[in-house]
Amino acid sequence: MAVTSPAPHRRAVPKQARAEATYAKLLDAAVAVLVERGLQGFNTNVVAEVAGVNVATLYHYFPDKNSILRELFDRNERVRVGFVVDHLALLPGAVDLRGWVVELVGRLLDVRLHEPAGAVLRRAWRAVPDLTAIEEERNDALAETIAAVLQERYPHQPAATAQTVARVLLIAAVAVLDQASEHHDRAQVLADELVEVISARLAGLAA
């Protein structure tokens, strides 16, 4: 998908096909560098070299390596948040509650496991304070959305309860999925347990 709007962490956006191709090469190279060298080996010179472009071309779009990391993370987040918001809209009318949770967790796990630099990118995000703060702001907004949907499905529950449950379930889901992306051999077991935890708590709200 072509980038069509600017963002604070980018200096410019590609507007022509050739520029879009170069931009895509830079992001693909950034993923490759993260996977092969980790955060310690990640820098603008290496990314430009792997992309096969002059470092000045990279700086035309990104001022530093953290801005590249943010763009990669934003790309992942658009997928995650977009799906979560769409799926949340189904919760108030969901008949098979556990099935709803299974699909939610399954899709999020799939996104984590099939993002080549997913685990490394998450570690990078936690290691850079400015980037961590951005995720916290996004999770605050997502928690508010979850709370609103919980209140719609369980109108007898106080707003404070919905807000607390939303926050705890979001924190738990992020933590478990982080572990799953780090340990693929245990990923499904962790996801299955997350399904049980979320399902039980939502069932409890109906009481």
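The values are calculated or read from the model by the stated rules, or taken from the named source; none is laboratory data. These numbers were taken from a predicted model, which means no experiment stands behind them. Quick reminder, even Gly has a Cβ in these numbers, built from the backbone with ideal geometry, and neighbours come from all protein chains shown. Surface areas here come from the heavy atoms of the whole protein model, side chains and all, with no ligands, DNA or RNA. Shrake-Rupley method; radii C 1.70, N 1.55, O 1.52, S 1.80 Å.
What the table below lists for this structure:
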read-out: Selection count where residues are at pLDDT 90 or above and charged (D, E, K, R), scope the range 126-171; value: 5
read-out: Number of the exception - residue 110 against (1) open to solvent by 40 Å² or more (accessible area, probe 1.4 Å); (2) more than 30 Å from residue 33 (Cα to Cα); value: (2)
read-out: Some residue of the range 74-92 being in contact with a helix residue (DSSP H, G or I) (Cβ under 8 Å, 6 or more places away or on another chain), outside any helix (DSSP H, G or I) and free of Cβ contacts under 8 Å to residues at least 40 places away in the same chain; value: yes
read-out: Some residue of the range 9-17 being of a type in the set (Val, Ile, Thr), surrounded by 14 or more Cβ atoms within 10 Å (Cβ to Cβ), assigned to a loop (DSSP other than H, G, I, E, B) and modelled with pLDDT under 95; value: yes
read-out: Condition broken by residue 137, with the remaining ones in (1) open to solvent by 60 Å² or more (accessible area, probe 1.4 Å); (2) under 24 Å from residue 27 (Cβ atoms); (3) touching a residue at least 12 places away in the same chain (Cβ under 8 Å); (4) not hydrophobic (A, V, I, L, M, F, W, C) satisfied; value: (3)
read-out: Residues of the range 176-191 satisfying the condition of being under 12 Å from residue 119 (Cα atoms) and either touching a Phe, Trp or Tyr at 6+ places or on another chain (Cβ under 8 Å) or aliphatic (A, V, I, L, M) (or both); value: 177, 180
read-out: Condition broken by residue 186, with the remaining ones in (1) touching a helix residue (DSSP H, G or I) at 6+ places or on another chain (Cβ under 8 Å); (2) at pLDDT below 90 satisfied; value: (2)
read-out: In the range 35-49, the residues that are part of a helix (DSSP H, G or I), polar (S, T, N, Q) and open to solvent by less than 80 Å² (accessible area, probe 1.4 Å); value: 44
read-out: Among (1) surrounded by fewer than 13 Cβ atoms within 10 Å (Cβ to Cβ); (2) of a type in the set (Asp, Glu); (3) farther than 24 Å from residue 37 by Cα, the one test that residue 130 misses; value: (3)
read-out: Pick from the range 153-167, criterion touching a helix residue (DSSP H, G or I) at 6+ places or on another chain (Cβ under 8 Å) and not basic (Lys, Arg), ranking: surrounded by the fewest Cβ atoms within 10 Å (Cβ to Cβ); value: 159
read-out: Residues (of a type in the set (A, V, I, L, M) and either modelled with pLDDT under 90 or open to solvent by 30 Å² or more (accessible area, probe 1.4 Å) (or both)) located in the range 73-95; value: 79, 81, 85, 89, 90, 95
read-out: Filter pass, residue 150 being buried (at least 20 other Cβ atoms within 10 Å of the Cβ) and within 12 Å of the chain's Cα centre (by Cα); value: no
